[in-house]
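The values are calculated or read from the model by the stated rules, or taken from the named source; none is laboratory data. Remember, predicted model here, so these are calculated numbers, not experimental data. All Cβ positions, even for glycine, are placed from backbone atoms using ideal geometry, and neighbour counts span all protein chains on display.
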Amino acid sequence: MSTGILLGIAVGAILVLLLLVIQLKMSAFVAMLLVSLGTALVTGIAPEEVVGTLQKGMGNTLGSVMIVVGLGAMLGRIIETAGGADALALAFTKKLGAKRVIGAVVAAAFVLGIPVFFDVAFIILAPIVFGFARIAGINPMRIGLPVAGVLLTVHVAMPPHPGPVAAAGITGADTGMMILVGLPICAATAFIGHFAAKLIDVEKYELGDSPASAHIGSVGSAGFEGALAVGRKAIPAGLVVLLILLPIVQIMGGTVSNMLLADGPTRKWMGLIGSSLVALLVAVIVASIAVGHHQGCNAREAWGSVLDSALPDVAVIVFVTGAGGVFASVLVASGIGDALSTSLVAMRMPLILAGFLISAALRASQGSATVAILTTAGLLAQPIADAGYSPLQTMLVTLAIGFGALGLSHINDSGFWIVTKYLGLSVKDGLKTWTLLSTVLGLTGFLLTWGVFALVG
């Protein structure tokens, strides 16, 4: 099947999906499964392979998302139910003032996002974000959007995240130099993105049922509902900080060990302890015991129902995210991504621009930022080697590839569904806000990188 036909099918599939979800109000989960099935058949995937392709996409996505979302939601529910999010928000608001709160939370998210995957960091920070929004009396989107934006920025551009690390290995870029030069570029990108997010008129968007909308309309500590008796004092802000930092420190330890230690038992055990699954599981258990002790109640009896109550709220997020993985799997298996990247390579544009555009096109076509980064790096590895670039120039081209995968987060991206479902945005409003902001961040990061490339070239 020709490149033009494959690209036409991809565009048509996305348009049909948007029509079903936005105009016909079909369930996003059902619509994505239906469109994925149709796309697989139209692009020529063998009938006996279609179901396997769909199941592979669902399994791969849920395997990396479901446990993290579930445990992250439980940790957030413990902190929220114990009044911890409000306690932390009140403490920071009193010290910084309401006007500086958003900037402070975004800056903290930038630092915390360097060692922690995008989805894990966002899920951990979500209840804190919503607590700050409630205390400040502002729309949760005003904090949630820029926080998600800075987390995704460092995810696609900064080691030790898998995409930039693997891309550096493929292109021969120095990861140490990538951190030294990339960090200020990412910081400048996040700074500009923070102000770009302010230009979005969030008040005109109606939030549906979601963790964010549940926090609207009540200012002050939420108290203790359900399993906890009314009247118990909220946990202190210091304890909240420790509970949030616990999984992050574990993950950082695993990441640093993987980078610095030689292969052996210590590195393997640190990798296990620092995995997202184990880190969040430990955090949930510690939070249950610590908060239960602080409240003077039995942790097993008081917190069992609290933990379970977090799962129904994120069930839709998990299923829709999995369906996004199904759609992305079909797009990859059909050869649409390869056709798109091949056609862009043939245009013979400057390598730094080609790296950005190919990565952005792959990101838009198949959803995964990491896949887009790795595929683009593989396509351009030899041209980069043949160009005779200096180590700094090679690193900047690799960084541009990362920023290409930052933008155009839409319906085939699991991150799109995590952000929009947590914030309560419809698909249409998610495209107008989150997709727009991620694209602005990607363009900003690339232009800054290209500017540095021009200065050193």
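Summary of computed values
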quantity	calculated
Listing of helices (runs of 4 or more DSSP H) fully contained in the stretch 1-99 that carry 3 or more residues being under 29 Å from F122 (Cβ atoms) and at pLDDT 75 or above	3-18, 28-42, 47-81
Matching entry among L353, L396, L392, L406 (being under 19 Å from V181 (Cα atoms) and outside any helix (DSSP H, G or I))	L406
Which listed residue, of A377, A361, is of a type in the set (A, V, I, L, M, F, W, C) and either surrounded by fewer than 24 Cβ atoms within 10 Å (Cβ to Cβ) or free of Cβ contacts under 8 Å to residues at least 60 places away in the same chain (or both)	A361
Selection from the stretch 271-296 of residues that are in contact with a Lys or Arg (Cβ under 9 Å, 6 or more places away or on another chain) and either charged (D, E, K, R) or outside any helix (DSSP H, G or I) (or both)	G296
Residue check for I358: more than 17 Å from the chain's Cα centre (by Cα) and part of a helix (DSSP H, G or I)	yes
Scope the stretch 411-425; condition in a loop (DSSP other than H, G, I, E, B) and under 12 Å from the mean Cα position of the chain (by Cα); matching residues	D413
Residues (in a helix (DSSP H, G or I), polar (S, T, N, Q) and in contact with a helix residue (DSSP H, G or I) (Cβ under 8 Å, 6 or more places away or on another chain)) located in the stretch 426-441	T433, T435, S438
When residues of the stretch 341-360 are limited to those that are modelled with pLDDT under 85 and not basic (K, R), the one nearest to L455 (Cα to Cα)	M349
Selection count, the stretch 165-189, where residues are crowded, with 24+ Cβ neighbours inside 10 Å and either closer than 11 Å to I114 by Cβ or within 15 Å of the chain's Cα centre (by Cα) (or both)	2
Any pair with Cβ under 7 angstrom, 6 or more apart, that starts in the stretch 25-49 at a residue that is within 12 Å of I14 (Cα to Cα) and ends at one that is part of a helix (DSSP H, G or I) and of a type in the set (G, A, S)	M32/A323; M32/G324; V35/A13; T39/A13
All positions within the stretch 42-60 that are of a type in the set (A, V, I, L, M) and either on the phi > 0 side of the Ramachandran plot or surrounded by 13 or more Cβ atoms within 10 Å (Cβ to Cβ) (or both)	V42, I45, V50, L54, M58
V68 vs. criteria touching a residue at least 24 places away in the same chain (Cβ under 8 Å) and among the β-branched types (V, I, T)	yes
Those residues of the stretch 267-282 which are under 14 Å from A73 (Cα atoms) and either modelled with pLDDT under 85 or of a type in the set (K, R) (or both), in sequence order	S276, L277, A279, L280
Subset of the stretch 380-416 [among the acidic types (D, E) and crowded, with 24+ Cβ neighbours inside 10 Å]	D413
